[in-house]
1. Considering every residue in A:195-202, what mean count of other chain Cβ atoms within 10 Å of its Cβ is obtained?
2. Kindly write out, for the stretch B:201-210 in residue order, the coupling ³J(HN,Hα) from the Karplus curve 6.51 cos²θ - 1.76 cosθ + 1.60 (θ = phi - 60°), rounded to whole Hz, with x marking Gly and Pro.
3. Within the set of other residues whose C-beta is less than 13 Å from the C-beta of A:Asp264, count the net charge using Lys and Arg as +1 and Asp and Glu as -1.
4. Please list log₁₀ I(q)/I(0) at q = 0.08 Å⁻¹ for chain A, using the Debye equation with identical point scatterers on the alpha-carbon positions.
5. If you only keep lysine pairs separated by 8 or more in sequence, or across chains, how many in the protein assembly as shown come under 21 Å at the Cα atoms?
6. Report D for the protein assembly as shown in µm² per second (integer): Stokes-Einstein, Kirkwood Rh on Cα pairs, 37 °C, 0.692 mPa s.
7. If you rank A:Thr317, B:Thr500, B:Thr276, B:Thr480 by fewest surrounding Cβ atoms within 10 Å, what's the result?
8. What order do you get for B:Leu238, A:Leu176, B:Leu464 when you list them from fewest to most C-beta neighbours inside 10 Å?
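Each value in this text was obtained by applying a stated rule to the coordinates, not by laboratory testing. What you see is a predicted model, and the numbers here were worked out from it, not measured in a lab. Don't worry about glycine lacking a Cβ; one is built from the backbone with ideal geometry, like all the others, and counts go over all protein chains shown.
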Amino acid sequence: VNWRFISYLVMVFFAGACNRGSISEVVVYTSVDDVFARPIAEQFTKDTGIVVRLVPDTEETKSTGLLNRLIAEKGRPQADVFWSGDPVRAAVLKAKGVSAPYHSPQAEGLPPQFSDPEGHWTGFSARARVLIYNRNLVPEGQEPTSVMDLLAPRFKGKACIANPLFGTTSMHAAALFAVLGEDKAKAFFEGFSANGGTMLSSNGEVRRRVAVGEFAVGITDTDDVNVARLEGKPVGMVYPDANGMGTLIIPNCAVLIANGPHPDVGRRFIDYLLRPETEKALAESEAAQVPLRPGIPVPEVVPSIERLKPMAVNYTTLAGLLETLSSGYLQEWVARQSR
Amino acid sequence: MISCLILERPGVWRTVGVATLLLSVVLPAVPLLWTVFVPPASTSVFAESAFGSALGNSIVLALGVAAVSLGIGLPLGVLTVLYEFPGRGVFLALVTLPLLIPSFLLAIGWASVAARLGASVSQALSGLPGCLLVMSTQGIPLVLLIAYAATSGLSGSQVDAARLAGGERVVFCSVARYVAIPAFLAAGLGGVLTLSDPGPGQIFGLSTAASEILTSFSARYDFARAGRQCVMLTALVLALAAPLVLFAMPRLASEVLVRQSREVRRIHHQWVAGVTVVALGVFVLIGITSPLVGLTLPLAGGTTFFRAWNELARTAGNTLCYAVGAGTVATVLGLLLAVCVGRNAWLKAVCIGAALGLLSLPPAFTALGIVQLAAAAPAWTDPFLRSRFTVCVALGLRFLPVAAVLSLRAWGATSPTWAFAAGVHGVPLGTYLRRVLLPILLPVGGVVMLLVGLLATADITTMLLLHPPGETSLPVAVFTVMANAPETLVASLCLVYVTTAMGVLTVAWTVARGRNV
């Protein structure tokens with residue numbers, strides 16, 4: 001055995017492993033799904049010549065996740081921008097002092113109710129929380145129209161939602177508490193359990209298991225349903241409570257990280273995200289996201305924001321409410337759902 | 001000149017060395033664990049009934065996984081070394097494959113199969129049975145590989161003597177007894193590994209301690225609470241591991257008096273070969289094929305191999321780098337630990353106990369600790385604290401306990417008389433290590449590299465929290481696209497990943513066979 005040669009190989013290997021990237025780059029952490037975020041990042045590189053180092057997360061709830069990484073890196077961040085899939089995570093970063101304010105000139109035309117008034121996060125293209133149903137199991141004319149329909153006897157044992165401690169489902173749970181009040185929101189969760197509803201691990205699971213017919217109906221995000229629809233699954237989608245409390249709209253949020261390594265390029269990337277062209281691209285992608293600016297042309301399957309009735313919530317306060325619920329009622333409810 | 005005798009003599013350096021190496025594993029997690037003891041730390045978590053019941057579920061699951069893994073992995077490990085059977089290389093590659101697949105992928109595969117088979121199957125798999133099935137699929141290869149390595153360490157003449165004395169039954173029983181202790185420890189490690197993995201519990205709806213810790217991290221961003229839960233979990237593991245350590249420690253390794261002159265030669269035995277093939281086939285069918293079918297079923301509706309291939313091309317280099325790096329770090333540190341422990345029974349017990357306790361730490365603790373350390377350190381430290389090197393070291397440290405158990409056993413099985421003889425004849429320490437010990441330990445080193453490389457590749461949390469921006473691995477890429485990507489893309493990615501992994505493993509086993517390993 002030639003130990004000198006092996007030692008040389010090991011040294012070369014670890015020297016290569018220590019190598020760092022170039023400086024003409026922007027580091028973007030994102031909780032938006034990789035398949036939707038990467039094409040936008042690649043287009044930014046094509047248009048500007050700046051390399052985007054994308055670090056994607058996921059709403060599948062089996063890892064500790066990027067938000068913790070951002071919080072832990074607060075002292076000397078690696079990220080310049082956090083492209084959040086929802087405003088709650090953005091609000092958490094603001095509360096932890098990880099984000100910096102930035103009022104982008106490209107934010108003009110975006111409705112102010114979907115952004116932080118102090119500029120820590122700016123909302124653009126949105127998803128919505130919708131009802132997904134299996135068209136083979138739900139006859140035409142009997143489609144659910146409200147999240148409260150999950151408590152109906154016709155869906156006994158056939159309804160599912162994702163774990164309300166994580167992702168957009170947690171935000172939806174907090175929104176229900178904010179809009180309905182504590183008693184009615186608790187009644188919803190208790191009624192869901194009493195009706196034999198099932199809690200699954202993620203929105204992706206809700207989509208998969210409704211699509212194969214294990215469940216008739218569930219609550220998930222618009223991009224989940226659109227992907228299933230494109231795959232030819234027998235699923236339908238309803239924007240719930242159009243005549244009641246409204247549909248929860250979940251805007252993407254661009255967050256500038258405080259003391260990031262490339263702040264100027266970070267701002268430039270945020271400007272790029274907030275352009276009408278990016279909203280249009282996200283509407284035309286498999287994500288089928290709803291542009292928040294009025295008047296942007298959208299494909300047939302994507303409703304314009306004017307056609308929806310958004311749930312009246314204050315996104316800034318939802319994060320605080322969610323923190324309380326996560327250590328209280330929702331945690332208890334989840335524990336009861338698990339074995 | 002340092003004498004070879006130092007390797008067999010007691011000394012303070014042993015305690016210092018062991019303490020340093022074990023501390024290096026736990027050190028990155030200290031900042032987070034420290035929050036447990038810093039006011040105003042609440043003790044409410046200790047009284048939470050939800051966490052108590054989750055902890056109970058975790059312990060039951062860990063014990064179940066350990067029992068199943070030992071019951072199946074030990075005999076399979078012995079049979080695969082002693083007997084020749086058709087399709088050996090492919091079978092061994094297939095059997096080790098689950099170690100490369102993150103547990104949540106296996107769980108999603110099973111959930112997908114169950115959803116298509118009907119509500120009753122889903123119901124049957126929900127909770128503990130589903131978790132036990134998935135976790136055992138990963139525990140069995142761990143035990144099998146360690147039993148395989150232990151059996152390979154036997155001398156051919158020992159096996160032949162047993163065969164002459166009583167035929168194949170006696171050979172099997174004697175060898176199984178010989179490798180039982182390392183296999184027993186491997187099963188313990190497999191069980192403990194389940195304690196830090198929240199994936200299957202989340203998917204099958206079983207409340208586990210890992211899920212609760214994940215909730216503290218990801219739903220509440222409460223590191224202190226996660227730290228308290230973790231300390232409680234580790235304390236419980238140590239308490240439960242104490243009897244195991246006391247039982248296993250004196251029997252961990254029996255010294256061989258002379259250098260093994262003839263390795264075990266595999267023989268052809270039709271009946272035993274048939275049993276081995278059937279047993280391996282059943283394991284492959286139930287443990288691997290079924291969840292993989294669930295994951296790849298969407299391919300019936302079309303493929304997106306081009307996109308999947310691009311992902312593979314983008315991440316293959318890093319995946320290999322992380323696997324090899326982690327394997328190298330764990331192997332080197334594992335052997336160093338074994339040298340420091342030597343034949344000191346007390347240090348051996350401490351090491352095995354620490355190995356079990358450290359493995360129960362959720363990977364997020366070490367990873368977030370390193371992230372915090374890097375954030376507090378100056379920029380010039382980035383090549384060491386924020387690079388692929390960091391990922392390799394973190395993963396190597398994470399799985400050092402596995403390397404330690406194998407290395408302790410391998411070192412313990414060497415004879416002290418070799419060092420005495422070399423010392424008497426004035427052989428320098430370096431020459432002795434290079435010419436005598438390292439060649440003997442090399443096969444074990446290879447197994448450690450392979451095992452740790454496989455386990456490290458499947459460790460999503462460490463990778464997600466530590467990989468330098470843009471330098472991701474293939475499993476993380478699969479993980480991050482699977483939420484909303486078309487099912488055909490996820491299925492194509494899974495198939496590409498599994499096929500590539502199978503190719504690499506088959507080559508590894510074929511090479512090993514060529515060297516009669």
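1. Working: counts 0, 0, 0, 3, 1, 4, 13, 5.
Going residue by residue through A:195-202 and averaging, the value is 3.
2. My calculation for the stretch B:201-210 gives x, 5, 6, 8, x, 9, 6, 10, 4, 5 Hz in order.
3. Working: positive: A:Arg267, A:Arg268; negative: A:Glu25, A:Asp80, A:Asp271.
Once all neighbours under 13 Å are counted, the net charge is -1.
4. The Cα Debye sum returns log10 ratios of -0.40.
5. 9
6. D = 117 µm²/s.
7. A:Thr317, B:Thr500, B:Thr276, B:Thr480
8. Fewest to most other Cβ atoms nearby, the residues stand as B:Leu238, A:Leu176, B:Leu464.
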